[in-house]
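All of the numbers you see were taken from the coordinates with simple rules; none came from a lab. In this text, all values refer to a predicted model and were calculated from it rather than measured experimentally. Note that we place each Cβ from the backbone using ideal geometry, even for glycine, and neighbour counts take in every protein chain shown.
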Amino acid sequence: MRTTKTILFSLTISLIMSLHQGCKPRKPGSVLIDGDAASKVYIAPGKYDEFYNFVSGGFNGQMSVYGLPSGRCLKIIPVFSVSPENGYGYSEETKQMLNTSHGFVPWDDLHHISLSQKNGEYDGRWAFGNGNNTPRIARVDLKTFRTAEIIEIPNTGGNHSSPFITENTEYIMASTRFSVPIGNKTDVPIGTYKENFKGTVSFISVDPNSGRMSIAFQLLLPGVNFDLARAGKGKSHGWFFLSCYNSEKANTLLEVNASQKDKDFIMAINWKKAEEYLKAGKGEKVSNVKYAHNVLDEKTHITHSEILTEVTVLDPKELPGIVYIIPCPKSPHGCDTDPTGEYIVASGKLAAVIPVFSFTKMQQAIANNTIEGDYDGFPVLKYEAVLHGEVQKPGLGPLHTEFDANGNAYTTMFVSSEIVKWNIEKLEVLDRVSTYYSPGHLCIPGGDTKKPWGKYVIAYNKITKDRYLPTGPELAQAAQLYDISGEKMKLLLDFPTIGEPHYANAIPAELISKNSKKIYRIEENENPYVSKGEAKAKVERKGNEVHVYMTSIRSHFVPDNIEGVKLGDNVYFHLTNLEQDWDVPHGFAVKGANNAEILTMPGETQTLKWTPDRVGVFPFYCTDFCSALHQEMSGYIRVSAQDANVPITYSTGQK
Amino acid sequence: MKFIKFQHLIWPAFSIAFISCSGELKEETKQQQVNIEELTKSQPEVHGTMVKEEEIMFSNPLNAEWVTTGKSIYEIKCQSCHKLTNERLVGPGWSGVTKKRTPAWLTNMITNVDMMLESDTEAQKLLELCLVRMPNQNLTREESREVIEFMRKNDGEK
């Protein structure tokens, strides 16, 4: 018997082995994909993608735009970081956009995107992004794919929990990740965190016509760390839900000290109630703040920056009914509202379950006063009373959740590197799929709205390792696209992303493409330094400033011979691109410029400042290949000694 | 008895191995269903319709208002490349152009240059001569009429 068993065992093993040898050996990271995956992401030459994917750039401070399902990178929109490639943050017209109360801040960390909404659906007008480090919110105009406005957030120490949007773009919500001492007493020992550090949540109103932002009010809150948030929608419209960690209020070694309690919390904020208090005059105008508000004027192409010094603060401790606390297992991170607005999914980074809260139950608990205590004077609702249920053993390290239109949720598992699909109502895990590796955020087209389009989910991973050809120690980030149209998620595509993407939104292409601006009409250009035609080009001296009113058209500058500049002068090249055809920008670069080049779109005026540091003749040229005679598109500027007797002269084509 | 039990243990393992393997083989052998040729075949650019001769009429005396507006459009959008003499700058000088070309040809060239460069032999000859594609300066039909009136004035019409 024993011999038979041994023979049979080895026979079976060798059979299995031989079958395995017949299979292709798996390379690290390789995975089984369906044979039709390629056709599902193949976009033929000249054809368009189905969705725009607006992806945060993380530490590059920019917003990237990809086409889906191809994963092709279409554009990097400069937002919080300078972009020498087109002069954003360097040109005289754009550098004010990066002004803050700390002066010019040329970099930030952009984590989250919120596309503007109407009735809980994307309307394709604007994309908002947060600056994490020096707290700011940016608005990108989706007609031009340009940063149109940036507002700084005062009383904040790290703008992570932002910019989350209400269903009619009434407000952008921004809350502080790092609580800080605020008000007049800010020079305090760090050890006095518990007494002196405060958290704030800011509600930034958005003008429905112009998109202009202004801080409507701030809520003064306990000194916890606000992490992520979502507005309610549908039945829960009027509320915001924010995940909070460090309820211990630790100020050192948070890795250990902020992970002590079994439960931190989700803070529920009734912003409609806050609005009522505001209308009733309960807000206090605080004028010990300084924050920058920078707006791009579409007609002049110039950004104007002003420093504001007042903000209205509401203290919910004295205004009951605004803030309620929902206990939530260990260190919650993602906090996502489902399309119906009934369920709030919280992900405890260190928890073994995903708790799902019910908005209806929360309302009942508030009405019945089902509270288990208070936190800093705010009512803490009973966990069980508010809980819809827990998803058991979903995976390790749940972070973020998006939704499809069929009652399913998709949650990333950072530690176990997977996306888990589960049914919200039944709390049952339906499917799981690996990601490569350690996903942070994920995105489903419309996945944060009332009407998700579904179809795809994209995982934005934190670890890349072996996914692409190695590029030294620093790698691009890895994203994977999955088909979610069936019961099972299917991996379709793996594509590299730039910077470090966090959250992203995807929107059907036609909602954006139909409005995309092709040129700036030269007739409408109101830049004070515009040259409407070559006859208007000129050079003027004002003290030690030399203003060059210059035009460009395929393929020459007017003027292209300039003399009379002296050492000690600042030269301003005001370049107007006279082209009126789509995709014919002209660039301008001059030798020795300490800033960057400028890229001027058709009909636009942009200005580069140049301070010559020596006597001589300096070439300038067009940097954007514009025609067969692009290499000829150049000129010279002569710089003479300070005491030289060279008058200002300028010309083009003089023989 | 032991043997039977053992068999039960082994077979499931065997079948799992087979399935995972056949899945991968399928990937190798399955024909791609995409017809690349079909997807990539000519995607012609669309440049709108040609203006016909009878659509543009000239009359005298010249419309003075059009001449003035046409001149200001010329200064912003045309002067960079076209002189009013017969000297070629980037494009040909305008002197005599209204005698040499028909009203519809001028209109098409101004408002629909990409179509002209694709289909009109005279326009193509000019491109060979000048080597710079005339840019589309986004003039409306009305604006092009005003510019043409200015061209007529430049050619000495009254």
Spacing of the two label points (7 Å from each Cα toward its C-beta) at A:Y48 and A:V646, in nm: 5.1
Per residue of segment A:485-494, in order, report the coupling 6.51 cos²θ - 1.76 cosθ + 1.60 (Karplus, θ = phi - 60°) as ³J(HN,Hα) in whole Hz, putting x for Gly and Pro. 6, x, 5, 9, 6, 10, 5, 10, 8, 10
If you take the square roots of the eigenvalues of the alpha-carbon gyration tensor of segment A:271-412 and sort them as a ≥ b ≥ c, do you get rounded (a/c under 1.5), prolate (a/b over b/c) or oblate? oblate
I need the fraction of alpha carbon pairs in chain A separated by more than 45 Å, rounded to a whole percent. 29
Post the alpha-carbon centroid distance, segment A:515-535 to segment A:317-363, in whole angstrom. 50
Using only the Cα atoms of segment A:529-651, what are the Rg and Dmax in Å? 13.6, 46
Tell me the label-point distance for the pair A:L396, A:S485, using the 7 Å Cα-to-Cβ offset, in nm and rounded to one decimal. 3.5
Segment A:E248-A:D376, length gained on full extension (0.36 nm per residue, minus Cα span): 44.9 nm
Rounded to the nearest 500, what is chain A's calculated 222 nm mean residue ellipticity when only DSSP H runs of at least 4 contribute -39500 (n - 2.57) each, over all residues? -2500 deg cm²/dmol
Dividing the alpha-carbon radius of gyration of segment B:64-154 by 2.2 N^0.38 Å (N being the number of residues), what value is obtained? 0.99
Normalised by the residues of segment A:224-308, what does the relative contact order come to in percent, with Cα pairs under 8 Å and at least six apart? 20
Kindly list the residues of segment A:120-158 that lie in the label zone of A:E510, defined by a backbone N under 16 Å from the point 7 Å along the Cα-to-C-beta vector. A:122-124
What is the Cα centroid distance between segment A:475-511 and segment A:579-655, reported in whole angstrom? 42
Calculated from backbone phi, Karplus (6.51, -1.76, 1.60) coupling profile of segment A:611-624 in Hz, x at Gly/Pro: 10, x, 10, 7, 7, x, 10, 10, x, 10, 7, 7, 9, 10
Could you tally the net charge around A:V313, taking each other residue with its Cβ under 9 Å from the Cβ of A:V313, Lys/Arg +1 and Asp/Glu -1? -1
Could you give the nm distance between label points at A:V353 and A:N119, where each point is 7 Å from its Cα heading toward the beta carbon? 3.8
For segment A:375-392, what does the Karplus curve 6.51 cos²θ - 1.76 cosθ + 1.60, with θ = phi - 60°, yield as ³J(HN,Hα) per residue in whole Hz, taken in order and with x for Gly and Pro? 10, 6, x, 9, x, 9, 6, 5, 3, 5, 5, 9, 6, 6, x, 10, 7, 7
Give me the percent relative contact order of chain A, please, defined on Cα pairs under 8 angstrom at least 6 residues apart. 11
For peptide B:74-86, how many partner chain Cβ atoms fall within 10 Å of a residue's Cβ, on average? 5
Give the percent of DSSP beta bridges with both residues in the protein assembly as shown that are antiparallel, rounded to the nearest 5. 90
Length-normalised contact order of segment A:459-599, Cα under 8 Å, at least 6 apart, in percent, tallies to 15
Which of A:V380, A:V224, A:V615 has the fewest Cβ neighbours within 10 Å, and the rest in rising order: A:V615, A:V380, A:V224
Long-range HN-HN contacts of A:K198 with modeled amide H, under 5 Å: A:V180, A:I182
Neighbour-limited loop hits for GluC sites (Glu not before Pro), segment B:49-113 (at most 12 other Cβ within 10 Å; DSSP other than H, G, I, E, B): B:E87
Give the separation of the Cα centroids, segment B:105-142 to segment A:406-431, in Å. 58
